[in-house]
Amino acid sequence: MSTYMSKEIRDGLEAARIAGMKKASRLRVEAGSEYFPILGLWRTGFSVEAAATPMLRGLVDLYDGANHLYQCLIVASEEEGGEMRYEFKRSTAASDSAPLDFYRAPDAPIALLGKD
């Protein structure tokens with residue numbers, strides 16, 4: 001049995017694989033004011049579709065749907081199989097509140113009630 005595939009078949013399979021990854025992922029990267037779907041995310045980086053995404057660089061934000069996950073400083077790593085891979089130089093978890101500069105006891109009152 002021959003394992004040879006024509007270039008058209010290989011390209012079609014690669015396009016179908018990337019389309020399936022884009023459809024399954026809710027993750028996206030925001031660079032400037034543009035959003036691009038993330039194909040894969042791991043501890044040290046992520047990948048996006050090389051053909052549909054311009055070269056990213058610098059500070060970006062990662063989202064899961066509408067939830068802001070990370071603010072990252074990235075650098076391009078390699079292009080392989082239609083995916084562009086990026087590595088994190090820094091990845092900081094996003095928070096919806098400012099960090100406290102003092103200790104707050106877990107049983108502390110949330111607010112004080114007036115005598116009125």
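Bear in mind these aren't lab numbers, they're just calculated from the coordinates by the rules spelled out. Everything numeric in this text was worked out from a predicted model, so none of it was measured. Virtual Cβ from ideal backbone geometry, glycine too; neighbours counted across all protein chains shown.
Global size of the chain: 21.2, 88 Å for Rg and Dmax (C-alpha atoms, Rg to one decimal, Dmax whole). For helix 7-24, report the angle its Cα long axis makes with the longest principal axis of the Cα atoms of the chain; keep it between 0 and 90° and round to the nearest 10°. Once rounded, one gets 20 degrees. By other beta-carbon atoms within 10 Å, ranking 7, 89, 115 with the fewest at the front produces 115, 7, 89.
Panel order for 61, 96, 11, by other beta carbons found within 10 Å of each beta carbon, from fewest to most: 96, 11, 61.
Residues 112, 39, arranged from fewest to most other Cβ atoms within 10 angstrom of their Cβ, appear as 112, 39. Here is the size of the range 26-93 from its Cα atoms: Rg then Dmax, 10.6, 29 Å.
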